[in-house]
Amino acid sequence: MNIYIAGLSYEVTDTDLNELFAEYGEVTSAKVITDRESGRSKGFGFVEMSKDEEGQKAIEELNGAEYDGKVITVSVARPRTERPSFGGGGGGNRGGYRKDNDRRRDGGYGRRY
């Protein structure tokens, strides 16, 4: 069973989550989600437990409980939905209309001579 945990303190680690849920049964994985750039916790995570009954018991016991000074929300994780892809990043300025186009000899593509 995959479990979603929200409202985590930013100091909570994967190991902390593993230990918290291990009280209810076998934990196969525990992951605090972090920001790609800063590495800082986003305040939520996921725990996977091998038996659904144990996962359900953990949800019932821990949902609304205080952990590391914060009240956490614990529920069954919903399947990840695919977000539409819009292609690559932005394109930036591609030239276009310029008032001073007559002073540009490169046809508006960036370099001045």
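Taking the condition modelled with pLDDT under 95 and open to solvent by 50 Å² or more (accessible area, probe 1.4 Å), does residue 92 pass?
Yes: the conditions hold for residue 92.
Does residue 87 satisfy being at pLDDT below 95 and not charged (D, E, K, R)?
Working: at pLDDT below 95: yes; not charged (D, E, K, R): yes.
Yes; evaluated as a whole, the condition is true for this residue.
Would you call residue 11 touching a residue at least 40 places away in the same chain (Cβ under 8 Å), of a type outside the set (S, T, N, Q), in contact with an Asp or Glu (Cβ under 7 Å, 6 or more places away or on another chain) and open to solvent by 30 Å² or more (accessible area, probe 1.4 Å)?
yes
Return the pair list, or none, for Cβ contacts closer than 7 Å from residues in segment 58-73 that are within 16 Å of residue 42 (Cα to Cα) and open to solvent by 60 Å² or more (accessible area, probe 1.4 Å) to residues that are charged (D, E, K, R) and not in a strand (DSSP E or B), at least 6 apart or on different chains.
Partner pairs satisfying both residue conditions: 68/11.
Pairs under 6 Å by beta carbon, first residue more than 10 Å from residue 2 (Cα to Cα) and open to solvent by 40 Å² or more (accessible area, probe 1.4 Å) in segment 38-54, partner in a helix (DSSP H, G or I) and hydroxyl-bearing (Ser, Thr, Tyr), six or more apart or different chains?
Partner pairs satisfying both residue conditions: none exist.
The values are calculated or read from the model by the stated rules, or taken from the named source; none is laboratory data. This is a predicted model, so every value here is computed, not measured. All Cβ positions, even for glycine, are placed from backbone atoms using ideal geometry, and neighbour counts span all protein chains on display. Ligands, DNA and RNA are excluded from the accessible area calculation, which covers all protein heavy atoms including side chains. Shrake-Rupley method; radii C 1.70, N 1.55, O 1.52, S 1.80 Å.
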